[in-house]
Amino acid sequence: MDLQSILLIVGANILALAVGLQRLDSQGIINLNRVLPYQVLGQPCGLGQHEFFAIVSERIVLPAGVSSGALFIDDGTIVKVLRLPAGMQQTDRMQALKQEAAALHRELNKVYDYGDAVLSPGLVDLHVHMDEPGREHWEGITAATSAAAVGGVTTLFEMPLNSNPPTTDLTSLKAKQALMKRKAKVGVALWAGLIPENAHDPALLQSLVEQGAAGFKSFMSPAGISGFSNVNRTDIEAALPVLKRNGVPYLVHAELPEDSQSEGDPRKYQTYLATRPKAFEAKAVRMLIELLRVTKHQPMKPGFVLLIVHLANADLLKEIRQAQEEGLPIRVETAPHYLAFTDTDISDGNCLLKCMPPIRDRANQQGLFQGLKDGIISTLGSDHSPSPCQDKLMAEGDFLKAWGGISGLQYVLPATWTAMRKLDPHAQEELSLLQLSRWWSTNPSQIAGMGPRKGQIAKGFDADLVVWDPAALADTAVSSMQHKNPCCPYTDLHLYGKVLATVVEGQVVYDSRQGLSKNTCGRLLYR
């Protein structure tokens, strides 16, 4: 047999193998994104193709502190964290890097040196609405994950709504998974929706977990989206045993609304604020705490946690801390817009800042921030909930009718950092960097069940990284916005914390000088 025939046979076998693997992947039997590198999958990715390289910074945010040093990255994983003396001469540093590479039995051909810029774990956002399939004109996977990459968010969790249909059964879950595999520019995992229609079907909930749902999300108040009804106490009680048995998180929008009269000028924010009093959150959170108490003897696998999302009522922190001290598996998320704005910042008709629960007064804002510092609140999440600009009714300025959601995924890092500087102006910068890393990377990774591989800069962890300058202003101009609809409350604000580069599993997906990679560098992630 001649060489040409041999090559044809080899090529045909490789093609058959590729088709077979893709078929198994589409059927959910295997996950190619999980087991094969981008190059094997034929997916060129990132702004530079370097399987093994080093990143150097004078300020690397490690779990125990901030240090000068270098990270060695091999095939998307951090294989070595090398501490170096601050201010080390470049020639001495390169010699040390090459010696370390030799000890790893690798040749070092590429070094990214970011000088005094901060190198932090990539942000992990547990709370993003990408609106695809079905509402791509609201945002879409490409726009949302592009904004994430430009903003230093390396992993995000897609909510089961506002896509159409919502992700509440196996068909909708698999359809969304297929879209993420093709389009995501950062790592993405999926929450499934827990609604009255599936809460009493343990077999379906079990199947959703087995097929890749990272956990579940419910609304206790009307979500305003067809196909996603709000749950009541009976629904939650029915579903808890399955969630606990599988050790998956349960995220809850905790408001129990009552009839409230909307009196006053609808262009005034205080008119809207009066329709969503703190009591709505208080009733819901207390019900959830009671449910955890009365079901605490149910079998529970490690990993189950009830996460109250976007808490906006700081008055509840004392009761939540008591529940946590009892050992109840309850955690709390709040959102950067509650730290960045207060009710007095919202001018007449500025519906860009309408959200649910609503932004409250300065004392409440300070209470939420203190809750973060005290560890009662574990994490921050964007609650990125975009919509077409006309749905925000900026011309009409009617807070009572406008869409209740804030678009801002791209700006969560500078929005948070700027708020931290304002709320705690005398804090030591190293402590603030460590806090930011815990709130936006380590804690959300652990809540989501990905703590062993994401959310920290340490050996063996995924090389999900953000390089940023805390003293530089972020680019908040509309011209650099990646979101599909340019209606964002952070536009043209002076926010400190400019993202210089974003690395997703060893792939440089964004560089402030080169821009955003045109390739698809994201993976569909599983617990």
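How tilted is helix 141-150 with respect to the longest principal axis of the chain? Cα atoms for both, answer in degrees (0 to 90, nearest 10).
The answer is roughly 70 degrees.
Give me the number: length gained by fully extending residue 325 to residue 94, i.e. 0.36 nm times residue separation minus the C-alpha to C-alpha distance, one decimal in nm.
78.2 nm
Return the sequence-ordered ³J(HN,Hα) values of the stretch 192-203 in whole Hz as given by the Karplus equation 6.51 cos²θ - 1.76 cosθ + 1.60 applied to θ = phi - 60°, using x for Gly and Pro.
3J(HN,Hα) across the stretch 192-203, in whole Hz: 9, x, 10, 10, x, 6, 10, 4, 9, 10, x, 5.
What percentages make up the Cα-Cα pair-distance distribution of the stretch 342-406 when the bins are 10 Å wide from 0?
21, 43, 26, 10, 0
Treat the stretch 71-160 as a sphere of radius equal to its Kirkwood radius over Cα pairs and apply Stokes-Einstein at 37 °C in a medium of 0.692 mPa s; give the translational diffusion coefficient in µm²/s, rounded to a whole number.
202
Could you work out the per residue convex hull volume over the alpha carbons of the stretch 227-300, in cubic angstrom?
Each residue corresponds to 116 Å³ of Cα convex hull volume.
Quick check: convex hull of the Cα atoms in the stretch 330-373, volume per residue, rounded to a whole Å³?
71
Ordering 88, 130 from largest to smallest accessible area (1.4 angstrom probe), what's the sequence?
88, 130
With no other cysteine's Cβ closer than 4.7 Å, which Cys residues of the chain count as lacking a disulfide-compatible partner?
Isolated Cys, the chain: 351, 355, 488.
Kirkwood Rh over alpha-carbon pairs of the stretch 394-454, then Stokes-Einstein at 4 °C and 1.567 mPa s: what D in µm² s⁻¹, rounded to an integer?
The Stokes-Einstein estimate is 91 µm²/s.
Need one value: the accessible area of residue 278 in square angstrom, 1.4 angstrom probe, rounded to the nearest 10.
60
Amide H to amide H, which residues 5 or more places from residue 167 or on other chains are under 5 Å from it, using H placed in the peptide plane?
Here 161, 193 satisfy the definition.
What translational diffusion coefficient, in µm²/s and rounded to a whole number, does the Stokes-Einstein relation yield for the stretch 380-527 at 4 °C and a viscosity of 1.567 mPa s, taking the hydrodynamic radius as the Kirkwood radius over Cα pairs?
In µm²/s, the coefficient rounds to 76.
Taking the Cα atoms of the stretch 425-480, report the difference between the largest and smallest coordinate on each principal axis, in whole Å and largest first.
Result for the stretch 425-480: principal-axis Cα extents of 35, 33, 20 Å.
What residues have an amide H closer than 5 Å to that of residue 300, excluding those fewer than 5 places away on the same chain, when H is modeled at 1.01 Å from N in the peptide plane?
none
Along each principal axis of its Cα atoms, how long is the chain end to end? Whole angstroms, biggest number first, please.
Principal extents (Cα only, largest first): 82, 55, 50 Å.
Would you kindly compute the Cα radius of gyration of the stretch 314-467 and its largest Cα-Cα separation (Dmax), both in Å?
Just the Cα atoms of the stretch 314-467 yield Rg and Dmax of 16.9, 54 Å.
Along the stretch 435-442, what does the Karplus equation 6.51 cos²θ - 1.76 cosθ + 1.60 (θ = phi - 60°) give for ³J(HN,Hα), rounded to whole Hz, x for Gly and Pro?
Calculated HN-Hα couplings, in order: 4, 4, 5, 5, 5, 9, 10, 5 Hz.
Given R₀ = 25 Å, FRET efficiency for residue 527-residue 204 by Cβ-Cβ distance, to 0.05?
With R0 = 25 Å, the Cβ-Cβ based efficiency is 0.85.
For residue 298 and residue 104 in one chain, what is 0.36 nm times their gap in residues minus the Cα-Cα distance, to one decimal in nm?
Between residue 298 and residue 104, full extension yields 65.1 nm more.
Please report the antiparallel percentage of the DSSP beta bridges confined to the chain, to the nearest 5.
50
May I ask you to evaluate 6.51 cos²θ - 1.76 cosθ + 1.60, the Karplus curve with θ = phi - 60°, for each residue of the stretch 512-527 and list the ³J(HN,Hα) values in order in whole Hz, giving x for glycine and proline?
Once rounded to whole Hz, the list reads 5, 8, 8, x, 8, 4, 7, 7, 9, 9, x, 10, 7, 9, 10, 5.
For the stretch 163-226, what class follows from the C-alpha gyration tensor (a ≥ b ≥ c being the square roots of its eigenvalues): rounded when a/c is under 1.5, otherwise prolate if a/b is larger than b/c, else oblate?
Verdict is oblate for the stretch 163-226.
The values are calculated or read from the model by the stated rules, or taken from the named source; none is laboratory data. Treat the numbers as computed from the prediction; the structure is a model and nothing was measured. Ideal geometry is used to build each Cβ from the backbone, glycine not excepted, and the neighbour counts take in all protein chains shown. All accessible areas refer to the heavy atoms of the entire protein, side chains included, with ligands and DNA or RNA removed. Shrake-Rupley method; radii C 1.70, N 1.55, O 1.52, S 1.80 Å.
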